[in-house]
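Participant: Below you'll find the structure I mean.
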Amino acid sequence: MNLTRWSARLPGTQRRAAAAAASADPTGSKGATGAGGTAGSVPAARGAQHPGPAAADQLSVHDVLGQVPALIAITYGPEHRTGYVNDAYTEVFGSRKPGEPARESLPELAELGLLPLMDQVLRSGRPRTVKARKVTWARPTGATADGSDEPRHGYFTFTCTPLANTALEKAATEDATEGGVLVFAADVTDQVRSAERLRASERLQREAAVTLQRSLLPQELEQPDDLRVAATYQPGGTEAAVGGDWYDVITLGAGRTALVIGDVMGRGVRAAAVMGQLRTAVRAYARLDLPPHEVIQLLDGLAAEIDASQIATCVYAVHDPSEARLTYASAGHLPIVVRGVNGTVHRAEGPTGPPLGTGGWLHASGSVPLEPGATAVLYTDGLVERRDEDIDEGVAALERALAGASGTPQVICDRLLRTLGVSSDHDDDVAVLVLQHPRHTGAEAELFRNASLDLLGGVEAAPRARAFATGVLASWRFPVELRDLGVLATSELVANSLQHGTPPMRLRLRRTDRRLIIEVTDGDDHLPRRRRAEPADEAGRGIAIVATIASSWGSRRTPGGGKTVWCEFALPGGGG
């Protein structure tokens, strides 16, 4: 197909051909067909509607600048005398008399602080820009529908460009011997207001996330009998969206305490919501009194169900004052830092699995000594991670800070934040949990006592246990009613262990300033359940009796196999 022949029949092509012919023959002579035009061509008058390059060259600088929608002013000389302002400039600031210094004729530039900038441009010969300056100007009379003359507000970006003498001459200024400055102001009001709305929206979202985050964190920490605990949460600065850092303290019964800290990757409301679900799940799993690695294993599966795209790290630790150890399991979290009784600081070096939600990993528990007088710190990465250094350096800095920190757990929390440079404008959120195993001395030591008895089995085990409990509780000067209840609970727990458990068996009595704790341990790992005994049943009432007379009771499996069944009584006038 001959595309050239067919394209000549198109109307647009014909008009462009006629315009080109008119430009090539400005006299209008076209030979024999000049009067009527060539076959199929448009009249010359229609072609002349599109001026060619020659017509554009005839436009003056004033004509071009006058049609530019931006604000333009041209000054010359060291005093920046006014040479020219375009119509857009006049519409905003009013007409200006040429030849006068800018300080007098262009006072708005002085108010905006542009005159010193124009001096720099004139001296250096390099353009300068100031962004988004607020400008206020009066409306023309009758410009609004209601006839009001309230001033308008807008934002302009001003660019000051040096002009050489030749450029000034083209601009028709009077004195171009010393150079000049072209002031170009672009209206950026819509962009600035859009940015302000965006910042306001982000601020509201961040405030909502912080509110949600704080509402999901414990409003008041549980205070165990044998630990002193304090925690703090510091959200990131205004430029950082709130994250998913969280912590919790859960009393498990029998003097044992679970301590949890974690970090949900990501920012904003969603990270805070996922954190709230994980924290709720941890509290539920903790009530099962499972070993730390089993709790982490359950959390791992739950995290994948909540949101497979969300990754979270977590440390779940359990403190048992009778063993003076902290047993823990970690899912991708930073190591616990411990300061021992002698002041030495070390990291927990136990096994660490991948973060929650990754799946396919069998987590394991580790332990670290936490004797009376020791302090441990659980924390999130915002405390030690810095962009310009390795995270191990941050953990080392935490160890040095903990070595020199003393006082209550809350004092230590505050000191660690200050020492590691965490302030209100920190670029990441931070959670810190500090626990101390206090050393009891003097009269306070009388309120924290332990006694234990190995049960060898046989028919004499139950009487020996009752006699042992009677003597110990009497020596601890408990009221007669509490002694009787304690002896009854001891008898029922020992009888249950003799009937359903296996050796070795052990009875342990503990008292704190708030409660009496009775524990019986044996080698069988089947946990007892409370059940309703029928009137004709001769057994099955022991656990029911214990649950009725005690403040609380429970059971758990022990790490080496076997189980522990316990109950506790709140002391009169105690905090429990």
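The values are calculated or read from the model by the stated rules, or taken from the named source; none is laboratory data. What you are looking at is a predicted structure, and each value in this text was computed from that prediction instead of being measured. Quick reminder, even Gly has a Cβ in these numbers, built from the backbone with ideal geometry, and neighbours come from all protein chains shown. In case anyone asks, the SASA skips ligands and DNA or RNA and just uses the protein heavy atoms, side chains included. Shrake-Rupley method; radii C 1.70, N 1.55, O 1.52, S 1.80 Å.
Participant: Taking the options LEU334, LEU278, name whichever one is over 29 Å from ALA401 (Cα atoms) and surrounded by 17 or more Cβ atoms within 10 Å (Cβ to Cβ).
Facilitator: On the way: LEU334 fails: over 29 Å from ALA401 (Cα atoms).
Being over 29 Å from ALA401 (Cα atoms) and surrounded by 17 or more Cβ atoms within 10 Å (Cβ to Cβ) holds for just one of LEU334, LEU278, which is LEU278.
Participant: Being assigned to a helix (DSSP H, G or I) and open to solvent by 60 Å² or more (accessible area, probe 1.4 Å) is the filter here; which residues of the stretch 94-110 pass it? Talk me through it step by step, then tell me what you get.
Facilitator: So in the stretch 94-110, the residues assigned to a helix (DSSP H, G or I) come out as 102-105, 107-110.
Once the filter is applied, which keeps residues that are assigned to a helix (DSSP H, G or I) and open to solvent by 60 Å² or more (accessible area, probe 1.4 Å), the stretch 94-110 yields ARG103, GLU104.
Participant: Can you pull out every residue in the stretch 443-466 that is among the hydrophobic types (A, V, I, L, M, F, W, C) and loosely packed, with under 14 Cβ neighbours inside 10 Å? Steps first, answer last, please.
Facilitator: Let us first name the residues in the stretch 443-466 that are among the hydrophobic types (A, V, I, L, M, F, W, C), namely 443, 445, 447-448, 451, 453, 455-456, 459, 461-462, 465.
Within the stretch 443-466, ALA443, ALA445, LEU456, VAL459 meet the criteria.
Participant: Condition (residue is in contact with a Lys or Arg (Cβ under 7 Å, 6 or more places away or on another chain) and small (Gly, Ala, Ser)) applied to the stretch 291-310: is it met by at least one residue?
Facilitator: Initially, the stretch 291-310 is screened for residues in contact with a Lys or Arg (Cβ under 7 Å, 6 or more places away or on another chain), giving none.
Within the stretch 291-310, not a single residue is in contact with a Lys or Arg (Cβ under 7 Å, 6 or more places away or on another chain) and small (Gly, Ala, Ser).
Yes or no, residue by residue, for (1) on the phi > 0 side of the Ramachandran plot; (2) among the hydroxyl-bearing types (Ser, Thr, Tyr); (3) touching a Cys at 6+ places or on another chain (Cβ under 9 Å); (4) free of Cβ contacts under 8 Å to residues at least 12 places away in the same chain:
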| residue | (1), (2), (3), (4) |
| --- | --- |
| ASP320 | no, no, no, no |
| GLU323 | no, no, no, yes |
| ALA331 | no, no, yes, no |
| ARG339 | no, no, no, no |
| ASN342 | no, no, no, yes |
| THR352 | no, yes, no, no |
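Participant: Pull up the stretch 156-204, narrow it to residues that are closer than 24 Å to ARG128 by Cβ, open to solvent by 40 Å² or more (accessible area, probe 1.4 Å) and in a loop (DSSP other than H, G, I, E, B), then point me to the one that is modelled with the lowest pLDDT.
Facilitator: ASP175
Let's see how each residue does on (1) within 13 Å of LEU334 (Cα to Cα); (2) out of contact with any His (no Cβ under 6 Å at 6 or more places or on another chain); (3) not polar (S, T, N, Q):
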position: SER365; (1), (2), (3): no, no, no
position: GLY373; (1), (2), (3): no, yes, yes
position: VAL377; (1), (2), (3): yes, yes, yes
position: ASP392; (1), (2), (3): yes, yes, yes
position: ALA397; (1), (2), (3): no, yes, yes
position: CYS413; (1), (2), (3): no, yes, yes
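Participant: Within the bounds of the stretch 368-390, is there any residue that is open to solvent by 30 Å² or more (accessible area, probe 1.4 Å), under 13 Å from ILE296 (Cα atoms) and in contact (Cβ under 8 Å) with a residue 60 or more places away in the chain?
Facilitator: Scanning the stretch 368-390 turns up no residue that is open to solvent by 30 Å² or more (accessible area, probe 1.4 Å), under 13 Å from ILE296 (Cα atoms) and in contact (Cβ under 8 Å) with a residue 60 or more places away in the chain.
Participant: May I pose another question? Would you please name the residue that is nearest to ILE549 (Cα to Cα), looking only at residues in the stretch 456-485 that are of a type in the set (Gly, Ala, Ser) and touching a residue at least 40 places away in the same chain (Cβ under 8 Å)?
Facilitator: Start the filter on the stretch 456-485 by keeping residues that are of a type in the set (Gly, Ala, Ser), which leaves 457-458, 461-462, 465, 467, 469, 471, 474-475.
Now narrow it down to the ones that are touching a residue at least 40 places away in the same chain (Cβ under 8 Å): 457, 461, 465, 469.
Numbers: GLY457: 25, ALA461: 22, ALA465: 18, ALA469: 16 Å.
In this case the residue turns out to be ALA469.
Participant: Six or more apart or on different chains, Cβ atoms under 7 Å: show the pairs whose first residue is in the stretch 72-92 and without any contact (Cβ under 8 Å) to a residue 40 or more places away in the chain and within 11 Å of LEU106 (Cβ to Cβ) and whose second is hydroxyl-bearing (Ser, Thr, Tyr) and not in a loop (DSSP other than H, G, I, E, B).
Facilitator: THR82/THR75; THR82/SER105
Participant: Something else: Can you tell me which condition TRP361 does not meet? The list is (1) open to solvent by less than 40 Å² (accessible area, probe 1.4 Å); (2) among the aromatic types (Phe, Trp, Tyr); (3) in contact with an Asp or Glu (Cβ under 8 Å, 6 or more places away or on another chain), and all the others hold.
Facilitator: (1)
Participant: When the stretch 347-398 is examined, which residues are found to be within 19 Å of the chain's Cα centre (by Cα) and not small (Gly, Ala, Ser)?
Facilitator: PRO355, LEU356, LEU378, TYR379, THR380, ASP381, LEU383, VAL384, GLU385, ARG386, ARG387, ILE391
Participant: If I ask for residues that are more than 23 Å from GLY382 (Cα to Cα), out of contact with any Cys (no Cβ under 9 Å at 6 or more places or on another chain) and of a type in the set (A, V, I, L, M, F, W, C), which ones from the stretch 247-294 would you list?
Facilitator: ILE250, LEU252, ALA281, ALA284, ALA286, LEU288, LEU290
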